[in-house]
């Protein structure tokens with residue numbers, strides 16, 4: 001509870017901004033879905049076969065995983081609000097259309113005949129009889145769609161659209177229950193509030209509902225029109241993966257660029273999502289820069305038949321060469337630290353058995369009860385490979401989600417886990433990463449991955465971003481990660497303080 005209160009106090013403005021983004025995305029999506037689905041149901045109420053086809057199509061759209069849909073949309077429409085709204089509209093059309101169509105086609109035939117007997121025209125019968133009678137079903141569809149939209153909109157954070165999903169995804173990524181609770185609770189509150197509002201609106205007359213609907217459209221249109229006119233165009237967009245470390249790095253890039261080139265406008269998108277989203281966004285010029293690791297480039301982003309080298313310089317040079325040849329992307333000089341795999345134990349355990357390197361585990365292998373991430377447990381550059389390279393056979397091994405393995409070792413459920421060398425939990429739980437003395441793990445140096453378009457337009461940015469080349473040690477990054485992820489300091493401040501303390505930026 002103390003952590004939640006602390007986050008609310010220190011990040012109150014950011015949380016309010018995220019709530020505003022979430023509401024905006026959700027309302028726009030609901031309005032567009034309603035404008036599409038309700039008139040379509042009215043038009044097709046007398047065309048059963050066509051209506052069934054449309055219903056089948058919308059049902060199929062519901063089965064497409066949201067992550068897959070967002071990934072498909074990135075190369076087509078870029079990142080941010082637009083692909084998020086498109087995805088949410090596609091999901092929301094089905095319940096609104098289905099309920100509206102059902103409401104309109106299940107009206108008592110006697111009432112329909114009575115309306116015709118009174119000589120009501122098709123349009124008057126629709127407005128006076130059919131829509132009012134179908135309104136409970138229409139409202140039900142809108143409420144279902146709104147709740148679904150608010151829940152699904154949390155994934156908008158994965159492609160830079162913001163919203164409360166930022167806190168949910170970051171909470172999962174960093175095993176921070178406080179962030180997770182904040183995002184989930186506020187999302188639930190929004191769903192309840194908007195569900196109640198829609199229910200309340202249903203009690204109004206059709207005329208008043210139409211006025212409210214048009215007023216919301218006008219207000220939303222005015223808001224986006226104002227933003228388009230008033231908001232300055234962003235020249236450079238920098239994005240980062242989930243977690244504290246990428247957010248720190250992209251804030252460093254931003255500070256350096258704005259310091260060296262005051263005329264450039266920079267926008268950052270932290271907690272953007274996974275590697276595939278960022279890579280697609282970079283190739284489609286939706287973003288211009290993001291920090292990537294050399295090992296990840298060779299394993300996931302380029303095609304190569306060569307085995308991974310354990311020489312950091314050779315790994316970087318190969319990654320840079322292949323990125324240029326295959327995707328025409330620039331990979332600037334790497335920083336000093338490596339965020340690679342590590343075997344981690346408690347400091348007390350290491351001290352008791354004098355453990356400093358992975359090789360030292362041989363003397364206590366019958367006492368080791370390990371907890372590994374599922375990927376690490378089965379990848380050749382994970383547990384299978386390192387156990388063979390070091391001739392290790394532990395007493396027991398368990399697989400567990402990466403978000404809980406550190407808590408497992410902190411609570412003595414296991415005494416060894418896999419991790420990354422810059423993880424803030426190493427300091428938080430008083431752990432130590434054993435030295436990979438045989439250099440089994442491939443190098444994972446961080447470096448800016450930059451679009452060719454940006455470097456062509458602003459070639460001077462290379463010198464600016466290369467100021468971080470050879471800088472930031474493992475200890476530095478681990479400390480900064482701890483400040484952001486555990487102490488909940490702002491990533492922008494931590495990044496700025498580092499640059500100033502290392503004479504890379506002047507204090508303002």
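Quick note: the coordinates plus some simple rules give every number you see, no bench work behind them. Because the structure is predicted, anything quoted here is derived from the model rather than measured. A quick note on method: Cβ atoms are made from the backbone with ideal geometry, for glycine too, and the neighbour counts reach across all protein chains shown.
Within the chain, what percent of beta bridges assigned by DSSP are antiparallel, to the nearest 5?
55
Taking neighbour counts of Cβ atoms within 10 Å as a proxy for exposure, in what order, fewest first, do 356, 462 appear?
356, 462
Whole number please: convex hull volume per residue of the Cα set in segment 341-433, in Å³?
On the way: hull volume 7.8 nm³, N = 93.
In segment 341-433, the Cα hull volume divided by residue count equals 84 Å³.
Nearest 10 degrees is fine. How inclined is helix 312-327 to the longest principal axis of the chain, computing both from alpha carbons?
That works out to roughly 30 degrees.
Using alpha carbons only, how many degrees (0 to 90, rounded to 10) separate the axis of helix 12-44 from the longest principal axis of the chain?
That works out to roughly 40 degrees.
Neighbouring Cβ atoms within 10 Å as the yardstick, rank 28, 345, 364 fewest first. All intermediate terms of the calculation are to be shown ahead of the outcome.
Numbers: 28 21, 345 25, 364 18.
Placing the least packed residue first, the sequence is 364, 28, 345.
Between segment 399-443 and segment 305-346, what is the C-alpha centre distance in whole Å?
Centre-to-centre (Cα) distance: 22 Å.
Mind checking the angle between helix 66-77 and the chain's longest principal axis? C-alpha axes, 0 to 90 degrees, to the nearest 10.
Orientation of helix 66-77: about 90 degrees from the principal axis.
Describe numerically, in nm with one decimal, the distance between label points set 7 Å from Cα along Cα→Cβ at residue 35 and at residue 203.
Each label point is offset 7 Å from its Cα along the Cβ direction, giving 2.9 nm.
I need to check one value: relative contact order of the chain, counting alpha carbon pairs closer than 8 Å and at least 6 residues apart, in percent.
Once normalised by length, the contact order is 15 percent.
Return the calculated 222 nm mean residue ellipticity for the chain, to the nearest 500 deg cm²/dmol, obtained by summing -39500 (n - 2.57) across DSSP H runs with n ≥ 4 and dividing by the residue count.
Value at 222 nm, helices only: -18500 deg cm²/dmol.
Tell me, what is a quarter of the convex hull surface for the C-alpha atoms of segment 54-147, in nm² with one decimal? List each step's numbers first, then the result.
On the way: hull surface 29.7 nm².
Mean projected area of the Cα convex hull: 7.4 nm².
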